[in-house]
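What follows is a short report on a single structure.
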Protein chains: 2
Amino acid sequence: MSRWLTLVASSLMLLSAAGHAGFEPFQPLPAQPPIPSDNPQTPAKIALGKQLYFDKRLSATYTVSCNACHNVMSAGDDGKAVSRGALGMQGTRSAPTLYNVAYQTVYFWDGRAVSLEAAIKEHLISPTEMGMKDASAVVERIWATGDYKQVFANAFGAGVALSYDTITQALAAYIRTLRTPDSDFDRYLRGDEKAISRQAKRGYEAFIEVGCASCHFWVNLSGPVPGLAFEMGEGFYELFPNYPNTKDEARYRLADDIGRYNVTKDETDRRMWRVPVLRNVALTAPYFHNGSVKTLEEAIRVMGATQLNKRLTRDQIADIAAFLHTVSGRFPTHRFPKLPVD
Amino acid sequence: MSRWLTLVASSLMLLSAAGHAGFEPFQPLPAQPPIPSDNPQTPAKIALGKQLYFDKRLSATYTVSCNACHNVMSAGDDGKAVSRGALGMQGTRSAPTLYNVAYQTVYFWDGRAVSLEAAIKEHLISPTEMGMKDASAVVERIWATGDYKQVFANAFGAGVALSYDTITQALAAYIRTLRTPDSDFDRYLRGDEKAISRQAKRGYEAFIEVGCASCHFWVNLSGPVPGLAFEMGEGFYELFPNYPNTKDEARYRLADDIGRYNVTKDETDRRMWRVPVLRNVALTAPYFHNGSVKTLEEAIRVMGATQLNKRLTRDQIADIAAFLHTVSGRFPTHRFPKLPVD
């Protein structure tokens, strides 16, 4: 991480010193997200992925679709602290919005999936999520739905098998279309000085000055993005809580989950977490990996205390919240897919 | 019913005798369904109703929307024999498609709701469906979601209260837009002789000759429609099974549920049922009030046996199935609503 912290620190100094000159720690959402070379976007594949995204056949009990917890008609999440999967079991971490995940380098709160495709594969067979028994069960479920055979042939070519790989590739292709460009902040970054309020501008400055932007920078306000120095699969992690044993840590049980340590069993990864995306954060309460904090203002206050050891003032919190409201983007108005009928 | 059976019988004779001359027992789906004078369709109200239709806030546990069992991305139903509601309890009757229900005169399998609005009110507080405690709980739930207050004001006018009535009116307005016009059969009825196959034409003739059309006629192939002699709230009911104590009745437990008797406690209503809509029937398996029959062909065979005391031949069944495939219509491709965020 150190090369990054150094780079970011100098960048932020640059920003303070020279305004928008030089390296830009914040950037509008690029028109195209990075697309893996082995899963190019095609209209037929995206259309198939959209069908699968809304199809409850992908869950063990035929009761849950991807959209159940990642509701694209809402802000891409379900507004719950933690979600309940097809088998009735609750997960332990809050379902994040799927909007703009195409710009991430790693997936899950602990970054254990090195691609969107890998993350989807785990979601489908997780007992607390879609609950399918295994990859074969997923393939058999979709194979049993006659119409999908033709749709898969259209999307991948007649010679390519309907497989766990192609199912997840199609889902990933659809999910990569879930973008929210043209936030007020994006327009501000493009030079429209009136796109955000004076309070939001104060909040933007505070966001940098108090230290939020040390981790929450660049395209998704979540650190490096693929193609911009970080490669897909390379995660940007931070310790949370950074200042341990606070009242807030106890109150919100922030240290109960030891994060990335569960993945690597490396002591240096204890309570390390992927820096989460802040785009649309004002729309995606509740907050943190365990969904324990209900309001944006409280989340900002707690972050100040646990990450920066700072007691933010009421005004600072209000200003930063006003800024974070400006990173809510323009949501797409997709058409419903038509699902195959048995 | 007798005036209807007489009318229908003579109509069918007319049809046989004179082709398409005179009274038409079958009609293409009218461009506009009947709209109650106290709930006119407006774009703002329909848009609100669409939001509510997909909003899980309308269920006790925040887990189920109207769309869960009446999936407009599928054929308007959920493909299940019976469905499980927000509280985890299963109903006893199969969720029908909501497409084209605007043309019905009564609602529920037993016709106990005399308007779509009345049916929705019951759905919301039914323990096996949305599971809300009572009408007040529904209103409070929506009232607690800030954005809806403004959306309701836009839809109904600032002076009209957000109430159980306006919630159900908005839902009904959206559901009335769920129509599937331009089926192959509709185009055939309009004069396009090539719109349906020769087998489907044989099936159409058999459908009339063996007696299916005695009940399954007119716009929705479900008997009289509002404005066409029947008024809203006046149901068209038939005995099912009509010929009791068959093997099929036992096998599929067709007589366990005593239908409309539960509503009226009138002995003449024992095992009387609303004649169900056949539009899109090929897409809405499984069949009958209890969802006990899995295939269209078997449903046709059983209907022949239990309703007409006829053993249909394999060819007749195949022909009638081919005809019934032609009443699958053109499904709308709606855009997703954007749901309010808490």
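What follows draws every value from the coordinates through simple rules; no lab data is involved. Only a predicted model underlies this, so the values are computations on that prediction, with no experimental measurement involved. Ideal geometry is used to build each Cβ from the backbone, glycine not excepted, and the neighbour counts take in all protein chains shown.
Here's how it looks for B:G259: its modeled amide H is under 5 Å from those of B:R271, which are all 5 or more places away or on a different chain.
A simple count of charges around A:R335, restricted to other residues whose Cβ falls under 12 Å of its Cβ and scoring Lys, Arg +1 and Asp, Glu -1, yields +3.
In the range A:189-342, the alpha-carbon atoms span a convex hull of 183 Å³ per residue.
For the range A:77-90, the Karplus equation 6.51 cos²θ - 1.76 cosθ + 1.60, evaluated at θ = phi - 60°, returns couplings of 9, 10, x, 9, 4, 9, 10, 10, x, 4, 8, x, 8, 8 Hz by residue, with Gly and Pro reported as x. Taking only the alpha carbons of the range B:43-175, we obtain Rg and Dmax values of 14.0, 43 Å in that order. In chain A, the DSSP beta bridges split such that about 70 percent are antiparallel, to the nearest 5.
Across the range B:92-107, computed HN-Hα scalar couplings (Karplus, 6.51 cos²θ - 1.76 cosθ + 1.60, θ = phi - 60°) run 10, 10, 6, 5, x, 5, 8, 5, 6, 5, 4, 8, 7, 9, 9, 10 Hz from first to last residue, x flagging Gly and Pro. Working note: Debye formula, equal point scatterers on the alpha-carbon atoms of the range B:88-147, no solvent; log10 I(q)/I(0) at q = 0.13, 0.19, 0.25 Å⁻¹ is -0.41, -0.80, -1.09. Farthest toward the positive end of the dipole of the range A:26-104, out of A:I35, A:T61, A:A102, is the Cα of A:T61, where the dipole comes from beta carbon charges about the Cα centre. Using a cutoff of 8 angstrom between alpha carbon atoms and counting only pairs six or more residues apart, the relative contact order for chain B works out to 22 percent.
For trypsin sites (Lys or Arg not before Pro), the sites in the range A:152-203 that DSSP calls loop and that have at most 12 other Cβ atoms within 10 Å are A:R190. Near A:Q316, once Lys and Arg are set to +1 and Asp and Glu to -1 for all other residues with Cβ below 14 Å from its Cβ, the sum equals 0.
Taking every DSSP helix (H) stretch of at least 4 residues in chain A, weighting each as -39,500 (n - 2.57) and dividing the sum by the residue count yields a mean residue ellipticity at 222 nm of -10500 deg cm²/dmol. Charged side chains reduced to their Cβ positions (Lys and Arg at +1, Asp and Glu at -1) give chain B a dipole of some 580 debye around its Cα centre. Near the amide H of A:F230, within less than 5 Å, lie the amide hydrogens of A:V225, all on another chain or at least 5 residues away, with H placed in the peptide plane.
Ranked from shortest, the separations from the 7 Å Cα-to-Cβ label point of A:D256 to its equivalents in the other copies are 4.2 nm.
Around B:V302, with a cut-off of 13 angstrom between Cβ atoms, what is the net charge of the other residues, counting Lys and Arg +1 and Asp and Glu -1? Around B:V302, the surrounding residues sum to +3. Relative to the Cα centre, the charge distribution of the protein assembly as shown, modelled as +1 at Lys and Arg Cβ and -1 at Asp and Glu Cβ, gives a dipole magnitude of about 60 debye. Between A:F288, A:A255, A:Y243, whose Cα lies farthest towards the positive end of the dipole of the range A:232-342 when Lys and Arg beta carbons carry +1 and Asp and Glu beta carbons carry -1, centred on the Cα centre? Farthest towards the positive pole: A:F288.
Applying a threshold of 29 Å to the alpha-carbon distances of B:K80/B:K247; A:K133/B:K121; A:K50/B:K45 flags A:K133/B:K121 as lying beyond it.
About the Cα centre, and with charges only on the beta carbon of Lys, Arg (+1) and Asp, Glu (-1), how big is the dipole of the range A:43-175? Nearest 20 debye, please. Dipole magnitude for the range A:43-175 comes out near 160 debye. Direction-averaged projected area, Cα convex hull, the protein assembly as shown: 33.4 nm², rounded to one decimal. In the range B:183-342, Cα pairs under 8 Å separated by at least six residues give a relative contact order of 31 percent. Put simply, the amide H of A:S59, placed in the peptide plane, has neighbours under 5 Å in A:V64, leaving out anything fewer than 5 places away on its chain.
Shown in residue order for the range A:160-171 are the 3J(HN,Hα) couplings computed by the Karplus curve 6.51 cos²θ - 1.76 cosθ + 1.60 at θ = phi - 60°: 9, 6, 6, 9, 4, 5, 6, 4, 6, 5, 5, 4 Hz (x for Gly and Pro). With contacts taken as Cα pairs under 8 Å at a separation of at least 6 residues, the range A:43-175 carries a relative contact order of 32 percent. Tilt of helix A:43-53 relative to the longest C-alpha principal axis of chain A, in degrees (0 to 90, nearest 10)? With both axes taken from Cα atoms, the answer is about 90 degrees. Per-residue shielding of B:76-88, expressed as the average number of other chain Cβ atoms within 10 Å of the residue Cβ, stands at 1.
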